[in-house]
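This report refers to the structure that appears directly beneath it.
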Amino acid sequence: MRKTLLVTAVVVLSNVLGNLSLSWGMHHQREGWLLGPLLNPWVVLGIALLILWTFSRMALLSWADLSYVLPTTAVGYVLTAAAGHFVLGEHVSGARWMGAVLIMAGVALVGRTGPRSAGEGTPP
């Protein structure tokens, strides 16, 4: 269970920080649309973090149920909206904040269950 929580945190944080870094870099590039972003260290960091996100999510999916992984890692959507608002200065409408509240409610409900379905063996 500890391993699952740790990798879940890596999945969420690498997703949020990767998207934040990628957005920051794309909004602050100086050169052309193709080469400029590839030379921007924020874009490169964002890409690296999103690669980490992909591999850590694959690892998490290898031992935890999909019905657990997707809802619990959805907290990343809420944190991404908050980061967009507080770090990037984006306007987040009331409807989007309400959506974030609903996502958090779903995360709280799913988080009360274990990462594997009760009474089931290993997947085929």
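The values are calculated or read from the model by the stated rules, or taken from the named source; none is laboratory data. None of these values were measured; they are calculated from a predicted model. Virtual Cβ from ideal backbone geometry, glycine too; neighbours counted across all protein chains shown.
Some points to look at:
- Members of segment 65-81 that are farther than 15 Å from MET104 by Cα and not in a helix (DSSP H, G or I): ASP65
- The listed residues are LEU102, LEU88, LEU22, and the only one of them that is touching a residue at least 60 places away in the same chain (Cβ under 8 Å) and on the phi < 0 side of the Ramachandran plot turns out to be LEU88.
- Residues satisfying the stated conditions in segment 25-66, i.e. under 14 Å from the mean Cα position of the chain (by Cα), crowded, with 16+ Cβ neighbours inside 10 Å and not hydrophobic (A, V, I, L, M, F, W, C): GLY46, SER56, ARG57
- If only residues of segment 40-67 that are modelled with pLDDT under 95 and aromatic (Phe, Trp, Tyr) are counted, the one that is nearest to LEU13 (Cα to Cα) is TRP42.
- Any hit, segment 87-96, residues being in a helix (DSSP H, G or I), surrounded by 12 or more Cβ atoms within 10 Å (Cβ to Cβ) and out of contact with any Phe, Trp or Tyr (no Cβ under 6 Å at 6 or more places or on another chain): yes
- Candidate set: segment 61-117, residues that are among the polar types (S, T, N, Q) and touching a helix residue (DSSP H, G or I) at 6+ places or on another chain (Cβ under 7 Å); chosen: the one nearest to TRP42 (Cα to Cα): THR80
- Qualifying residue in segment 58-74 (condition: charged (D, E, K, R) and either more than 27 Å from THR4 (Cα to Cα) or free of Cβ contacts under 8 Å to residues at least 12 places away in the same chain (or both)): no
- Residues (within 12 Å of the chain's Cα centre (by Cα) and within 21 Å of HIS27 (Cβ to Cβ)) located in segment 67-101: GLY76, TYR77, LEU79, THR80, ALA81, ALA83
- In segment 15-64, residue farthest from HIS85 (Cα to Cα) [restricted to those that are of a type outside the set (Asp, Glu) and not in a helix (DSSP H, G or I)]: ALA64
- Flag if ARG2 is touching a residue at least 40 places away in the same chain (Cβ under 8 Å) and within 26 Å of LEU109 (Cα to Cα): no
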